[in-house]
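Asker: Quick one: structure below, then a few questions.
Taken together, the values in this text are just the output of simple stated rules run on the coordinates, not laboratory data. Everything numeric here is computed off the predicted structure, so don't read it as measured data. FYI the Cβ positions are ideal-geometry reconstructions off the backbone, even for glycines, and counts take in every protein chain you see.
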Amino acid sequence: MNQCCIDVSAIPSTEKDWGSLKSVFDGAGINATGGFTLGYIVYSKPHYSGVHDDHEVIYILEGRGIAMIGGQEIGFRGDFLLVVPAGTEHSITQVTEGPVRAILAHFT
């Protein structure tokens, strides 16, 4: 990578049945050894994320809802951080005021 900044507005979003996801940064592009991705996500409906092998943090920018992380129900709102350890089942079970806009990071 020979850039020190990225115009994120030029990156397209991928539309999903629950909202949209924009992959902002993939550490593989700079040969990051620990594995790191960063995205911008918009939940307009509930989304079952499942289980994956990396850790995930979701910083809620705006909106309200309910997440299920490892069997624990968590109400969230803007300026809230959800932490999902690797191997933990998780989902956004309700969007009560939305859409919910968030920054999403995956890392090992």
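Asker: Taking the simple approach of a point 7 Å from Cα along Cα-to-Cβ for both D7 and V51, what is their distance in nm?
Answerer: Here the modelled spin labels are 4.4 nm apart.
Asker: Moving on. Quick one: which residues, 5+ away or cross-chain, put their amide H under 5 Å from the amide H of G78? H built at 1.01 Å from N.
Answerer: Under 5 Å from the amide H of G78 lie the amide H atoms of G63, each far enough along the sequence or on another chain.
Asker: Quick check of the Kirkwood formula: for the stretch 61-108, what is the inverse mean of 1/r over all pairs of different Cα atoms, in Å?
Answerer: 11.2 Å
Asker: Here's something else I'd like to know. When N is the residue count of the chain, what does its C-alpha Rg come to as a fraction of 2.2 N^0.38 Å?
Answerer: Normalised by 2.2 N^0.38 Å, the Cα Rg of the chain equals 1.08.
Asker: Compute the signed sum of charges (Lys and Arg +1, Asp and Glu -1) over the other residues within less than 15 Å, Cβ to Cβ, of I60.
Answerer: Result for the neighbourhood of I60: -1.
Asker: Let me ask another. Under the 0.36 nm per residue contour assumption, what length would be gained going from the current alpha-carbon distance of E62 and F36 to full extension?
Answerer: In short, 7.0 nm is gained.
Asker: So for the pair E97, E15, with labels modelled 7 Å out along Cα→Cβ, what separation do we get in nm?
Answerer: Placing both labels 7 Å along Cα→Cβ, they lie 2.8 nm apart.
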